[in-house]
Amino acid sequence: MSLAATQGAVPEVPAHKTRDPHAAFVIDNGDGTSSLRAFVRNIVCAACIQRVEKVLSRTPGVADVRVNMTTHRVSLRWNPD
């Protein structure tokens, strides 16, 4: 017999345990765009920054990309539609 059958209800799945493991890292900006901050390894020079920004900015829907060499973080804003 299942847990749901013994307790009479199916427990609600918390947002952080949904099917999309990245959902907890995505922020809805309220203006139709979403944003994300992520750690990126091996950013050691200005050429690395340019390459990452160039590739990500060419992705359809991406509105803004910023890479910080000191913190190894990329900030990405896009239109999810």
Open item on the list: Per 0.36 nm of contour for each residue apart, how much would the distance between D31 and T59 grow if the chain were fully extended, relative to their Cα-Cα spacing?
Closed with: 8.1 nm
Open item on the list: In whole Hz and in residue order, list the ³J(HN,Hα) couplings for segment 44-49 that follow from phi through the Karplus curve 6.51 cos²θ - 1.76 cosθ + 1.60, θ = phi - 60°; x for Gly and Pro.
Closed with: 10, 7, 5, 5, 4, 4
TODO: Go through segment 50-55 residue by residue and turn each phi into a ³J(HN,Hα) via Karplus (6.51, -1.76, 1.60, θ = phi - 60°); whole Hz please, and just put x for glycine and proline.
DONE: 4, 5, 5, 5, 5, 5
- [ ] Give me the distance in nm between label points sitting 7 Å out from Cα along the Cα-to-Cβ direction at A47 and A24, one decimal.
- [x] 3.8
TODO: Please list, in chain and number order, the residues 5+ apart from A63 or on another chain whose amide H is under 5 Å from its amide H, with Hs placed from the backbone.
DONE: R77, W78, N79
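Here, each number is a calculation from the coordinates, and none is a lab measurement. Since this is a predicted model, take the numbers as computed values, not measurements. Ideal geometry is used to build each Cβ from the backbone, glycine not excepted, and the neighbour counts take in all protein chains shown.
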